[in-house]
Amino acid sequence: MTTTIAAPELLVKTRSGAKIELLDVRTPLEFRAVHVEFAKNIPLDQLDPESIKQVRKDSSEPLYVVCQSGGRSKQACERLAAAGITNVVNVAGGTAACVEAGLPVVRGKKAMSLERQVRIAAGSLVLCGCLLGILVHPLGFGLSLFVGAGLVFAGVTDTCGMGMILARMPWNRLGT
């Protein structure tokens with residue numbers, strides 16, 4: 001069963017000495033920019049619930065999951081719960097909320113967030129589609145229509161195809 005915890009509650013648990021197993025499902029570059037000190041990075045597109053099941057020392061303890069703002073970690077929690085991992089806890093508000101709450105973080109080289117990359121890519125495609133429609137052929141507006149439909153789908157389903165594609169790009173990988 002998936003539950004949610006607020007970052008200030010996680011901070012209280014940490015300060016009380018509780019052993020916290022925290023999984024960060026952001027891209028490696030996002031993780032490198034800033035992450036909770038005790039988090040382990042397994043990007044959402046590489047998440048394998050079966051291997052996590054095998055590696056966990058105490059499956060009765062909560063497995064906390066975090067991303068940037070809560071969307072990807074919610075998806076990860078659902079996948080982990082569907083695979084039979086019990087006591088999965090989504091950190092509400094993500095890493096941003098953890099930083100704000102005062103959890104210990106490690107800061108490294110800054111990277112452009114995946115969410116920002118999606119906004120830039122979607123906006124650029126819509127702009128190109130409009131320009132094509134005005135300057136070349138009215139069918140160019142189809143590109144804008146396609147991107148708009150994709151954004152509506154992403155909002156309704158809370159899954160972003162463009163984000164999943166961008167997460168696999170070389171600039172979002174460390175050492176590639």
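Annotation: per residue accessible area for the chain equals 56 Å², rounded to a whole number [probe 1.4 Å, protein chains only]. With a 1.4 Å probe and every protein chain kept in, tell me what percent of the accessible surface of the chain is carbon plus sulfur. Looking at the chain in its full context, I get 64 percent from C and S. A Cα-only calculation for segment 97-137 places Rg and Dmax at 18.0, 54 Å.
Translational diffusion of segment 66-176, estimated by Stokes-Einstein from the Kirkwood radius over alpha carbon pairs at 25 °C in a medium of 0.890 mPa s, is 149 µm² per second. Only helices reaching 20 angstrom along their own axis (Cα) with mean Kyte-Doolittle hydropathy no lower than -0.5 count here, and for the DSSP H runs of the chain these are 114-135, 141-157. Per residue, the average separation of C-alpha pairs within less than 8 Å and at least 6 apart gives the chain a relative contact order of 26 percent.
Short-range pairs are left out: with C-alpha atoms under 8 Å and at least six residues apart, the relative contact order of segment 25-95 is 35 percent. Modelled spin labels at Ala149 and Leu174, positioned 7 Å past Cα toward Cβ, are 3.9 nm from each other. Among Ser59, Ala122, Val99, flag the residue with its Cα farthest along the positive direction of the charge dipole of the chain, charges on Cβ as +1 for Lys/Arg and -1 for Asp/Glu. Toward the positive end, the furthest listed residue is Val99.
Label-to-label distance for Ala121 and Leu139 is 2.5 nm, based on points extended 7 Å past Cα in the beta-carbon direction.
Remark: for residue pairs Lys19/Lys40; Lys74/Lys109; Lys19/Lys109; Lys53/Lys109; Lys53/Lys110; Lys40/Lys110, the C-alpha separation exceeds 22 Å in Lys74/Lys109; Lys19/Lys109; Lys53/Lys109; Lys53/Lys110. Measuring between their Cα centroids, segment 88-123 and segment 1-61 lie 14 Å from each other.
For the chain, what is the calculated [θ] at 222 nm in deg cm²/dmol (nearest 500), taking -39500 (n - 2.57) for each run of four or more DSSP H residues and dividing by its residue count?
Values: 8 runs with 88 residues, N = 176.
One gets -15000 deg cm²/dmol as the mean residue ellipticity at 222 nm.
In order along segment 26-39, phi translates into HN-Hα couplings of 7, 5, x, 5, 5, 4, 4, 5, 6, 8, 5, 3, 9, 7 Hz, rounded to whole numbers, per the Karplus curve 6.51 cos²θ - 1.76 cosθ + 1.60 with θ = phi - 60° and x for Gly and Pro. The largest-to-smallest principal axis extents of the Cα set in segment 63-108 are 33, 19, 16 Å.
The values are calculated or read from the model by the stated rules, or taken from the named source; none is laboratory data. Every value quoted in this text rests on a predicted model; they were computed, and no experiment measured them. Using ideal geometry, Cβ is built from the backbone for each residue, glycine included, and neighbour counts are taken over all protein chains shown. SASA here: full protein model, heavy atoms, side chains in, ligands and nucleic acids out. Shrake-Rupley method; radii C 1.70, N 1.55, O 1.52, S 1.80 Å.
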